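Trainee: Here's a structure for you.
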Amino acid sequence: MIAFVQGPVAALAPGSAVVEVGGVGLALQCTPNTLAALRLGEPARLATSLVVREDSLTLYGFADEDERATFEVLQAAPGVGPRLAQAMLGVHSPEALRVAVAGGDERALIKVPGIGKAKAAKLLLEYKDKLGHPHGTVVPAQQPAAAGPAPWSEQLHAALVGLGYAPREADEAVLAVTPEAEAQPRTDVGALLKAALRSLNRTR
């Protein structure tokens, strides 16, 4: 098993990153939060999980060991593949998922694209004794955020700068997709990143 990869970031794209290890570029599927912390040409260390299928080998990258371990528990549940597990981590941190499962919070899981009420109820039972107890306190998602830029806008701006765009261009792209973000019932940073890239390509 490949436990982690370490090296300079060779490429960034919506949903993935390439890290150069020993002269070889390894493609990793990552959440928007993980991608937002990466910068082209700068060193990175990502915990990884290799998913083996009959027709593919897919490497998933994570900010830390907790994310990786949580991903492996999530995707092992019946009816949950690696992409849905990654989507869950794209919406909630590992600690937030532990809090949701410990509290039987269906609404938290329903915020994840692809999870409805019935599936959320099944997953709460499936994960009850597998994710472990919460380690600390997590602010509920519905609690008003502190004054300042919305978390999604910070993540989106950082991801665009990491992709090589100038801060001014990133500011304009964030502004361009703000109406779309405000219209979403739950913020999908991945979808907003794709929309922002489309707006930047139109202006170039």
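Trainee: Take T70 and tell me if it is open to solvent by less than 20 Å² (accessible area, probe 1.4 Å) and among the polar types (S, T, N, Q).
Mentor: On the way: open to solvent by less than 20 Å² (accessible area, probe 1.4 Å): yes; among the polar types (S, T, N, Q): yes.
Judged against the criteria, T70 is a match.
Trainee: Can you name the condition, by its number, that A183 falls short on among (1) surrounded by fewer than 16 Cβ atoms within 10 Å (Cβ to Cβ); (2) within 16 Å of the chain's Cα centre (by Cα)?
Mentor: Tallying (1) surrounded by fewer than 16 Cβ atoms within 10 Å (Cβ to Cβ); (2) within 16 Å of the chain's Cα centre (by Cα), A183 fails exactly one: (2).
Trainee: Take G164 and tell me if it is at pLDDT 85 or above, within 20 Å of C30 (Cβ to Cβ) and part of a loop (DSSP other than H, G, I, E, B).
Mentor: Working: at pLDDT 85 or above: no; within 20 Å of C30 (Cβ to Cβ): yes; part of a loop (DSSP other than H, G, I, E, B): yes.
No.
Trainee: Restricting the stretch 96-114 to residues that are modelled with pLDDT of 90 or more and not in a helix (DSSP H, G or I), which is surrounded by the fewest Cβ atoms within 10 Å (Cβ to Cβ)?
Mentor: Out of the qualifying residues, it is G104.
Trainee: Residue by residue through the stretch 12-28, note down the ones that are open to solvent by 40 Å² or more (accessible area, probe 1.4 Å) and farther than 22 Å from E154 by Cβ.
Mentor: Once the filter is applied, which keeps residues that are open to solvent by 40 Å² or more (accessible area, probe 1.4 Å) and farther than 22 Å from E154 by Cβ, the stretch 12-28 yields V18, E20, V21, G22, G23, V24, G25, L26, A27.
Trainee: Do you know which residues across the stretch 115-131 are in a loop (DSSP other than H, G, I, E, B) and loosely packed, with under 15 Cβ neighbours inside 10 Å? First the steps, then the outcome.
Mentor: So in the stretch 115-131, the residues in a loop (DSSP other than H, G, I, E, B) come out as 115-116, 128-131.
Selection gives G116, K128, D129, K130.
The values are calculated or read from the model by the stated rules, or taken from the named source; none is laboratory data. Everything numeric here is computed off the predicted structure, so don't read it as measured data. Methodologically, a virtual Cβ is constructed for each residue, glycine included, from the backbone with ideal geometry; neighbour enumeration extends over all protein chains shown. Just so you know, the surface numbers come from the protein's heavy atoms only, side chains and all, with ligands and any DNA or RNA stripped out. Shrake-Rupley method; radii C 1.70, N 1.55, O 1.52, S 1.80 Å.
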